[in-house]
Structures are given as structure tokens and as C-alpha cells.
Amino acid sequence: AAGAFASPWQDFITRIAWGEIWGDTRLPWKTRSLITLSMMVALHREEEFKLHVRPAIRNGVSVDELQALLLQAAIYAGVPASNAAFRWVKEVLGDELN
């Protein structure tokens, strides 16, 4: 659904991010998910963070590990960043957190 204008972008991101980066076997997907979520918190990238929460769970990240990541991010990325990310997780996972 990228259309003619965004088609080159879609091709690029598919080849590089999903092909070369996520296809690199030197890091397990769980680790990549934790790294990605951490960077999205630090950069305050709400849309991308939310996009990666469920795949992170599928890649083996537990809710406890996600919580620990957000607590650690508060120290290194700032309390406001982690505060927002806690809210984003709740928006994505909702009742699954209870």
C-alpha cells in the first residue's frame, strides 16, 4: 500500500531493516527487541515503540523484562521518557498487563 511515491522507501526499509539488520544472526531477536525498545524510549518515538511492543513479546521479552527496561531507561533516558513509555505499553497491552 506504499504507492509509487513511497515505494522506494518501502523497498529500502524492507531490505535493510528487516533483511540485513533483523536477519543478522549475531544477536538474538529478543536482544534486538530490547535494544530497539530502549532506543525508542530514549528518542521518544511513540509510534515506533508501540509498533515494536507486541513483536518484542513474541520474541521472548517478558512483561517483567519490559518493566525492568523502562525502569532502567528512566535513569539513562530520563523520567519523562520512561513515564511516557509506561503509558504506551498500557495503551498497547491493556488488560494483558493484569
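Observations on the model:
- Helical mean residue ellipticity (222 nm; -39500 (n - 2.57) per DSSP H run of 4+; nearest 500) of the chain: -22000 deg cm²/dmol
- For the chain, with all protein chains in place and a probe radius of 1.4 Å, 60% of the accessible heavy-atom surface sits on carbon or sulfur.
- Average accessible area per residue (Å²) across the chain - probe 1.4 Å, nucleic acids and ligands excluded: 69
- Full-stretch length increase - N98, R54 - with 0.36 nm per residue and alpha-carbon distance subtracted: 14.3 nm
- Residues listed by number, region 23-46, amide nitrogen under 11 Å from E65 label point at 7 Å toward C-beta: 28-35
- Spatial extent of the chain: Rg and Dmax, with the Cα atoms as the point set, Å: 14.6, 44
- Dipole of the chain [Lys/Arg +1, Asp/Glu -1 at C-beta], most positive-end residue of N83, L27, A2: L27
- Here each label is just a point 7 Å from Cα along the line to Cβ, and for F5 and T31 those points are 4.0 nm apart.
The values are calculated or read from the model by the stated rules, or taken from the named source; none is laboratory data. Just so it is clear, the model here is predicted, and its values are computed rather than measured. Backbone-built Cβ (ideal geometry, glycine too); neighbour counts: all protein chains shown. Please note that ligands, DNA and RNA were not included when accessible areas were found on the heavy atoms of the full protein model with its side chains. Shrake-Rupley method; radii C 1.70, N 1.55, O 1.52, S 1.80 Å.
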